[in-house]
Amino acid sequence: MTPELRRLSGRLGRTLVALDFDGVLSPIVPDPAAAVALPGTADVLTAVAARVARVAVVTGRPAADAVRLGGLSGVPGLVVLGHYGLQRWSDGALATPDSDDGVDLARRRVAELAAARPGVTVEDKHHSVALHTRSAPDPAAALAELRPHADAVAAEAGLQVTPGRFVLELRPVGVDKGMAIRSLVAETGATAVLYAGDDLGDLPAVAAVRDLAASTDLVGLVVCSDAEEASAELRAAADVVVPGPPGVQALLRELAALD
């Protein structure tokens with residue numbers, strides 16, 4: 001048994017388990033559209049859901065995409081917050097707001113940026129738009145070169161730029177995984193949170209867990225899915241580091257069996 005899980009003992013019925021999708025439930029792949037959850041993911045989430053207050057997936061992806069790619073539609077009580085909390089999927093129903101006008105402007109601008117740079121691609125998430133450099137000849141250099149251009153587009157469109165693993169995402173200001181975690185805790189009345197992530201976009205969720213733990217009696221447990229390209233910042237901030245999605249799945253099985 002992972003020792004840190006014992007901190008949740010006696011609180012399972014009031015525990016929120018919140019998980020990123022890419023790099024946590026699904027291995028990272030070059031094409032985001034080809035990412036699928038590890039076999040057995042739905043089964044282990046179902047087992048965890050039977051023990052805790054809520055299981056949630058919190059992702060930058062559209063919520064319906066995470067449900068489809070993860071094969072998660074049958075997990076009882078599952079909530080999927082897509083676009084960092086702008087979208088909500090639960091019980092087969094999807095609630096989503098209209099797209100921000102600034103995203104429409106950014107969509108046109110980033111297409112021009114990508115067209116002029118070999119290997120740079122655009123992912124249109126409807127509520128945000130992302131520039132990926134993974135397929136560029138030098139992904140890190142391409143990301144650094146693109147950053148000031150992305151910042152300029154974001155300033156023009158009234159958006160914020162959020163960096164990640166070879167990606168720059170432009171999305172509405174104030175929307176992040178920290179906001180999503182706080183809303184889930186308020187909704188469930190959770191007194192414990194296990195959050196698992198792998199990238200820079202997960203740091204606001206970590207900050208929310210730490211802030212809640214410092215200001216209330218909430219018990220927070222942060223898990224880093226240490227896949228090949230996991231964020232060093234998240235790794236340093238985590239209570240538990242596991243070897244990528246297989247390690248996350250093993251940890252969740254332990255949680256489901258916790259006394």
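The values are calculated or read from the model by the stated rules, or taken from the named source; none is laboratory data. Note that the structure is predicted; figures quoted are calculated from it, not measured. Here Cβ is always computed from backbone atoms with ideal geometry, including for glycine, and neighbour counts include all displayed protein chains. For the accessible areas, the whole protein counts, side chains as well, though only heavy atoms, and no ligand, DNA or RNA atoms are used. Shrake-Rupley method; radii C 1.70, N 1.55, O 1.52, S 1.80 Å.
Tell me, which strands (runs of 3 or more DSSP E) wholly within the range 165-259 include 2 or more residues that are open to solvent by 10 Å² or more (accessible area, probe 1.4 Å) and either in contact with a Lys or Arg (Cβ under 6 Å, 6 or more places away or on another chain) or more than 16 Å from LEU19 (Cα to Cα) (or both)?
Once the strands (runs of 3 or more DSSP E) in the range 165-259 are filtered for at least 2 residues that are open to solvent by 10 Å² or more (accessible area, probe 1.4 Å) and either in contact with a Lys or Arg (Cβ under 6 Å, 6 or more places away or on another chain) or more than 16 Å from LEU19 (Cα to Cα) (or both), what remains is 167-172.
Residues to consider are ALA114, ALA130, ALA49, ALA56; find the one that is in contact with an Asp or Glu (Cβ under 7 Å, 6 or more places away or on another chain) and of a type in the set (A, V, I, L, M, F, W, C).
Matching residue, one of ALA114, ALA130, ALA49, ALA56: ALA130.
Looking at the range 92-114 only, could you name the residues that are touching a residue at least 24 places away in the same chain (Cβ under 8 Å) and closer than 26 Å to ASP43 by Cβ?
LEU94
Condition (residue is within 25 Å of ALA207 (Cα to Cα), surrounded by 17 or more Cβ atoms within 10 Å (Cβ to Cβ) and in contact with a Gly (Cβ under 9 Å, 6 or more places away or on another chain)) applied to the range 129-140: is it met by at least one residue?
Scanning the range 129-140 turns up at least one residue that is within 25 Å of ALA207 (Cα to Cα), surrounded by 17 or more Cβ atoms within 10 Å (Cβ to Cβ) and in contact with a Gly (Cβ under 9 Å, 6 or more places away or on another chain).
I'm checking my understanding of the structure. Among residues of the range 75-91 that are open to solvent by 60 Å² or more (accessible area, probe 1.4 Å) and in contact (Cβ under 8 Å) with a residue 12 or more places away in the chain, which one is farthest from THR15 (Cα to Cα)?
So the first thing to find is which residues in the range 75-91 are open to solvent by 60 Å² or more (accessible area, probe 1.4 Å), and the list is 76, 88, 91.
Still in the list and also in contact (Cβ under 8 Å) with a residue 12 or more places away in the chain: 76, 88.
Working: PRO76: 16, ARG88: 20 Å.
The qualifying residue farthest from THR15 (Cα to Cα) is ARG88.
Consider ASP43 carefully, then state whether it is under 15 Å from VAL248 (Cα atoms), among the acidic types (Asp, Glu) and in contact (Cβ under 8 Å) with a residue 40 or more places away in the chain. Break it down into steps so the answer makes sense when it comes.
Values: under 15 Å from VAL248 (Cα atoms): yes; among the acidic types (Asp, Glu): yes; in contact (Cβ under 8 Å) with a residue 40 or more places away in the chain: no.
Against the criterion (under 15 Å from VAL248 (Cα atoms), among the acidic types (Asp, Glu) and in contact (Cβ under 8 Å) with a residue 40 or more places away in the chain), ASP43 does not qualify.
Quick check: anything in the range 109-120 open to solvent by 10 Å² or more (accessible area, probe 1.4 Å), in contact with a Lys or Arg (Cβ under 7 Å, 6 or more places away or on another chain) and either of a type outside the set (Phe, Trp, Tyr) or modelled with pLDDT of 95 or more (or both)?
The answer is no, given that none of the residues of the range 109-120 is open to solvent by 10 Å² or more (accessible area, probe 1.4 Å), in contact with a Lys or Arg (Cβ under 7 Å, 6 or more places away or on another chain) and either of a type outside the set (Phe, Trp, Tyr) or modelled with pLDDT of 95 or more (or both).
Which ones in the range 24-48 are open to solvent by 50 Å² or more (accessible area, probe 1.4 Å), assigned to a loop (DSSP other than H, G, I, E, B) and modelled with pLDDT of 95 or more?
Hit for the range 24-48 is PRO39, nothing else.
Is it the case that the range 55-69 has a residue that's in a loop (DSSP other than H, G, I, E, B), surrounded by fewer than 21 Cβ atoms within 10 Å (Cβ to Cβ) and of a type outside the set (Ser, Thr, Tyr)?
No - not one qualifying residue is present in the range 55-69.
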